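Reading through the structure tokens given below for one structure.
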Amino acid sequence: MTNQRVKKFATVLAVPAVVVLGATGCSQTTGGDPVAASTSATTSAAQSAAASTAAKPGDCAAVSGRVLTLPKKAAGEPVLGLPQPAGWERETSQDSDVIRGAIVNKDLVSDAFAANAVITLENAKGMTAQQALDSQVDSLRQGLKVTGLQPVPGTLCGYPSTTVTYTMPGSTPNHKSTTLAVSIPDGVTLWSVTITVQSKMPDDPLYRRDSQAILTGLQITK
């Protein structure tokens, strides 16, 4: 897996809010001096992951609400299902071979920034599951210069995962992000998935509820 810049991009929405979607990946660079943040998002996601440690691959948590099934880009890729809580809208302007989908909530806006969630998929063939997880965390350390990261291991849908929470670069101290990375072995291939939720209202009860539903409800099937 190559080192890939952490992409930060802005999309002006129909409301006076700008959505900045940050996605970890195998290589990315950007400015700023973010620091790691210890929030309940990391803890809750990790606890949910730990609870499913004995789950078989493909056994994902049940989701009561809507789930967006994201289209494949190539044969053999896993099918990704992104939970979409009420009030979160699909954002397609930055979809690409790596960024597979994003949703935003225009009601959760602070400093012209709307809460959002971004999911990525990459082929990590040639790496072990742990190496792929470590690579995603390293992209935050090396690309975003995040210090003090404390990855929390777990599983999601029966696959190994790791979760980290941090402050986004070049932004305000209340701009918190949580990234969940998952490694999906598939024969000789390994798929690396990340889902990142972020907001400048990290303590808002609605955001806390919805972001946890998104992180823990991610669906992965092969």
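The values are calculated or read from the model by the stated rules, or taken from the named source; none is laboratory data. In this text, all values refer to a predicted model and were calculated from it rather than measured experimentally. Heads up, the Cβs are rebuilt from the backbone with ideal geometry, glycines too, and the neighbour counts pull from every protein chain shown. Accessible surface areas use protein heavy atoms only, side chains included; no ligands, DNA or RNA. Shrake-Rupley method; radii C 1.70, N 1.55, O 1.52, S 1.80 Å.
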(request) Kindly indicate the residue of segment 199-222 that is under 20 Å from S171 (Cβ atoms) and not in a strand (DSSP E or B) and also most open to solvent (accessible area, probe 1.4 Å) among those meeting that condition. (result) D203
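Listed here are the residues, each with its yes/no results for (1) open to solvent by 20 Å² or more (accessible area, probe 1.4 Å); (2) polar (S, T, N, Q); (3) closer than 17 Å to S192 by Cα.
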{"residue": "W88", "(1), (2), (3)": "no, no, no"}
{"residue": "Q94", "(1), (2), (3)": "yes, yes, no"}
{"residue": "D97", "(1), (2), (3)": "yes, no, yes"}
{"residue": "V104", "(1), (2), (3)": "no, no, no"}
{"residue": "N116", "(1), (2), (3)": "no, yes, no"}
{"residue": "T128", "(1), (2), (3)": "yes, yes, yes"}
{"residue": "A132", "(1), (2), (3)": "no, no, yes"}
(message) Quick check on segment 201-222. Is at least one of its residues of a type in the set (K, R), closer than 23 Å to K56 by Cβ and at pLDDT below 95?
(response) yes
(request) Identify the single condition in (1) open to solvent by less than 50 Å² (accessible area, probe 1.4 Å); (2) without any contact (Cβ under 8 Å) to a residue 60 or more places away in the chain that T196 does not satisfy, given that it satisfies every other one. (result) (2)
(message) For the structure I just gave you, tell me whether K145 is in a loop (DSSP other than H, G, I, E, B) and closer than 13 Å to S192 by Cβ.
(response) no
(request) Determine, yes or no, whether Q131 is part of a helix (DSSP H, G or I) and at pLDDT 95 or above. (result) yes
(request) Read through the list (1) out of contact with any Gly (no Cβ under 9 Å at 6 or more places or on another chain); (2) outside any strand (DSSP E or B); (3) within 24 Å of Q94 (Cα to Cα); (4) at pLDDT 95 or above, then give the number of the only condition that T172 fails. (result) (4)
(request) Report yes if A45 is open to solvent by less than 50 Å² (accessible area, probe 1.4 Å), modelled with pLDDT under 95 and among the hydrophobic types (A, V, I, L, M, F, W, C), otherwise no. (result) yes
